[in-house]
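Structure record follows, encoded as structure tokens.
The values are calculated or read from the model by the stated rules, or taken from the named source; none is laboratory data. On a predicted model such as this, the values are computed, not experimentally measured, just so you know. For accessibility, only protein heavy atoms count, side chains too; no ligands or nucleic acids. Shrake-Rupley method; radii C 1.70, N 1.55, O 1.52, S 1.80 Å.
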Amino acid sequence: MRFLPSLQLLLFFFFLLTTTLSLQQPKTPYQCDETFSFFSTDIADAANLSHCRKLPTISAELGWNLHNDTFSKNKMISTVDFLFSAVLAASTGWVAWGVNPGPVPQMVGTRAIVGIREMDGGDGPVVVATYNITGEVRLGCKLVNSTVEFSVRNVRSSYRAATGMVVVAGRLMLPAAEYDVRRLNHVWQMGPAAAGMVLLPHSLRLQNFDGVETLDLVTGRKVGNSNTALRDAHGVLSVIGWGILLPIGVITVRYFKTFPFQKREWFLLHSSCQITAYVLGTTAWAIGLALLGSSKYYYTILSHRIIGILIFCLATLQMMALWLKPKRKDKYRKYWSIYHHFVGYSLIALVIVNIFKGFNILRPPPKWRWGYIGILSSIAGVFLIMEIITWYKFHQQQKRDAITRNKSKRQSTQVDSN
């Protein structure tokens, strides 16, 4: 049996499958078509929208039409017709979309148009108001409606009870000196409820902090980079390194070193899997630290971070075992083996827990989770089959040894009797 090429093919399959899952992201359409749910409402008109975009979080959608700049009161004005929609998590709540004249897209400094659904009921309009979001809101101050420095005209709204979708539309008159339509910072959000015109805080999930980006209204494309690519890299490398290669390395040393199968290549494959897993996992861990540094003022994922640090420390300890390993005849060898096995199995358990924590945080498409569940189930199946084979061969060996001992005893008895 050509053991090493077969395992290499298996590793390549795992890598190809996981990478394919990571690359199959839905393309973002810029042209308006029937796939945008807000066209099911009576206030949306595809003829008045030049671009449409499915926003990456909270199932929000945005459509707009940019008009030629005009002069008003000695100021250049950019006129934008917009239509924004999002689906409420309950029968009441609020949705918001706004623009930020600052250098980066963020909540603080945003001038928002908010649609508020205050009570249960049927279809119909919602209350619409403008809000100027200042730094005091982050400190816990109430967010109340206020005027903004640009004009919002022709405001319309709609709510569909069957779907929970709120749609807000209108026309923005943006001062061109403060708002660059080729690099417009926009922000969107959704909250659970409002007390009158006071908005109650939104959820602290990661997706609620991702509702920001810079948009080119002329082309409809996003400008600049976001943390999404880094998060995807962090997740994919963690799954491949910690979540796949690490358990495969354990399989090779447990079942192919001496018993039940003895293969000369076991150490090469075991060390290759573990070193590659460590390199990929450490890279993912470093990316996670970078992501944490860029977002620590907005959210903190404490348990995922603590387990990640513990995984890195234990994995580093396992790598050091290559140099700390006592010689075979050393009296401390058995204690080293106990520690090495205990840390290894504990590491795998922590890895699996943290990977599923990562799925719950990032909320990727379901195929990511199910793809890893399939891979994990395959590895567990291999473990189970190899364990059954091990115990079967062990008992067979015990029987053979017992027969051999009995024969030796009978022969010794015969010799003594003679």
(request) For Gly170, enumerate residues with amide H under 5 Å from its amide H, sequence gap 5+ or separate chain, H modeled in the peptide plane. (result) Phe82, Arg156
(request) Using θ = phi - 60° and the Karplus relation 6.51 cos²θ - 1.76 cosθ + 1.60, list the HN-Hα couplings for segment 185-192 in order, rounded to whole Hz, with x at every Gly or Pro. (result) 7, 10, 9, 9, 7, 9, x, x
(message) In whole Hz and in residue order, list the ³J(HN,Hα) couplings for segment 382-390 that follow from phi through the Karplus curve 6.51 cos²θ - 1.76 cosθ + 1.60, θ = phi - 60°; x for Gly and Pro.
(response) 5, 4, 5, 4, 5, 5, 4, 4, 4
(message) If amide hydrogens are placed 1.01 Å from N in the peptide plane, which non-local residues have theirs closer than 5 Å to the one on Asp69?
(response) none
(request) Once you've got the Cα coordinates, tell me which of Lys327/Lys393; Lys257/Lys334; Lys257/Lys329; Lys54/Lys367 are over 23 Å apart. (result) Lys327/Lys393
(request) Could you please put Cys32, Cys313 in sequence from largest to smallest accessible area, using a 1.4 Å probe? (result) Cys313, Cys32
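If I stretch the segment between Thr70 and Ser337 completely, what's the gain in nm (0.36 nm per residue apart, minus their alpha carbon distance), one decimal?
Details: separation 267, 0.36 × 267 = 96.12 nm, distance 7.75 nm.
That pair, Thr70 and Ser337, stretches by 88.4 nm at full extension.
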(request) Pull up all non-local amide H partners of Trp94: gap of 5 or more, or a different chain, and H-to-H distance under 5 Å with H placed in the peptide plane. (result) Arg117, Gly191, Ala193
(request) Please give the solvent-accessible surface of Lys75 in Å², to the nearest 10, using a probe radius of 1.4 Å with every protein chain present. (result) 120
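Can you sort His51, His341, His186 by 1.4 Å-probe accessible area, starting with the largest? Please list the in-between numbers first.
Values: His51 25, His341 100, His186 0 Å².
Descending accessible area places them as His341, His51, His186.
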